[in-house]
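Contents: one structure, followed by commentary.
The values are calculated or read from the model by the stated rules, or taken from the named source; none is laboratory data. Note that the structure is a prediction, hence the values are computed from the model and not measured. Glycine gets a Cβ as well: all are built from the backbone with ideal geometry, and neighbour counts include every protein chain shown. Heads up: the accessible areas ignore ligands, DNA and RNA and are worked out on the full protein's heavy atoms, side chains in. Shrake-Rupley method; radii C 1.70, N 1.55, O 1.52, S 1.80 Å.
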Amino acid sequence: MRILLINGSPKGKRSNSLKLAYSFIKGLENGCTSNKEELSVDELHIASMNIGACKGCFTCWQKTPGRCCINDDMQTVIKKLIRADLILWSFPLYYFNVPGMLKNLIDRQLPMSLPFMSS
Ligand SMILES: Cc1cc2nc3c(=O)[nH]c(=O)nc-3n(C[C@H](O)[C@H](O)[C@H](O)COP(=O)(O)O)c2cc1C
């Protein structure tokens, strides 16, 4: 099983919520060892990545379907999201929501959705 761990804390590797995510993975590993299933974990620490905010231009739906006009680390993130069997979203609450830098990543997933619409 390919696990993608997305750490959305602005504190990066010093994050408290990341510790909880690591414990969760440890539990999974124990379960997988008994099933003899291979488990790999890929970690993304958003705080040390360059992921800009979505411009809302819909270029990724209209001009270049599936491709965002912003050239930053999000291209790598999307490839990893597609490859993963399990995605772990690890983040603290900021005003009962996700931290802004994680919201940027969530919004930038738009090129992964196909724009089938009818008027
Ligand atoms: C700007 C800001 C907003 C916060 N909002 C909330 C909140 O709405 N609810 C809550 O329980 N904690 C809130 N907290 C506390 C964090 O969730 C808490 O410090 C958390 O343990 C930080 O996790 P981290 O170490 O993984 O970044 C907030 C902290 C900050 C800095």
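Of the conditions (1) within 24 Å of Arg2 (Cα to Cα); (2) open to solvent by less than 50 Å² (accessible area, probe 1.4 Å); (3) over 10 Å from the mean Cα position of the chain (by Cα), Val77 fails just one. Which one is it?
(3)
Looking only at segment 1-13, count how many residues are assigned to a loop (DSSP other than H, G, I, E, B) and either more than 8 Å from the ligand (Cβ to nearest atom) or without any contact (Cβ under 8 Å) to a residue 24 or more places away in the chain (or both).
Of the residues in segment 1-13, the ones assigned to a loop (DSSP other than H, G, I, E, B) are 1, 8-11.
Adding the requirement that they be either more than 8 Å from the ligand (Cβ to nearest atom) or without any contact (Cβ under 8 Å) to a residue 24 or more places away in the chain (or both) leaves 1, 8.
Residues meeting the conditions: 2.
Taking into account only those residues within segment 87-110 that are touching a helix residue (DSSP H, G or I) at 6+ places or on another chain (Cβ under 7 Å) and part of a helix (DSSP H, G or I), which is farthest from the ligand (Cβ to nearest atom)?
Leu105
Which of the residues that make up segment 52-85 are within 22 Å of Pro10 (Cα to Cα) and in contact (Cβ under 8 Å) with a residue 24 or more places away in the chain? Break it down stepwise before answering.
Looking only at segment 52-85, we keep the residues that are within 22 Å of Pro10 (Cα to Cα), and these are 52-55, 70-78, 80-81.
Hits for segment 52-85 are Gly52, Ala53, Cys54, Ile70, Asp73, Met74, Val77, Ile78, Lys80, Leu81.
Among the residues of segment 14-51, which ones are assigned to a helix (DSSP H, G or I), in contact (Cβ under 8 Å) with a residue 60 or more places away in the chain and within 12 Å of the ligand (Cβ to nearest atom)? Write out each step before concluding.
Taking segment 14-51 first, the residues assigned to a helix (DSSP H, G or I) are 14, 16-35, 46-48.
With in contact (Cβ under 8 Å) with a residue 60 or more places away in the chain added as a condition, the list becomes 16-18, 20-21, 24-25.
Once the filter is applied, which keeps residues that are assigned to a helix (DSSP H, G or I), in contact (Cβ under 8 Å) with a residue 60 or more places away in the chain and within 12 Å of the ligand (Cβ to nearest atom), segment 14-51 yields Asn16, Ser17, Leu18, Leu20, Ala21.
Specify the residue that is surrounded by the fewest Cβ atoms within 10 Å (Cβ to Cβ); the eligible residues are those in segment 44-74 that are within 19 Å of Leu114 (Cβ to Cβ) and of a type in the set (S, T, N, Q).
Pass one, segment 44-74, residues within 19 Å of Leu114 (Cβ to Cβ): 54, 56-69, 74.
This time we only want the ones that are of a type in the set (S, T, N, Q), so: 59, 62, 64.
Numbers: Thr59: 16, Gln62: 9, Thr64: 11.
Going through the qualifying residues, I end up with Gln62.
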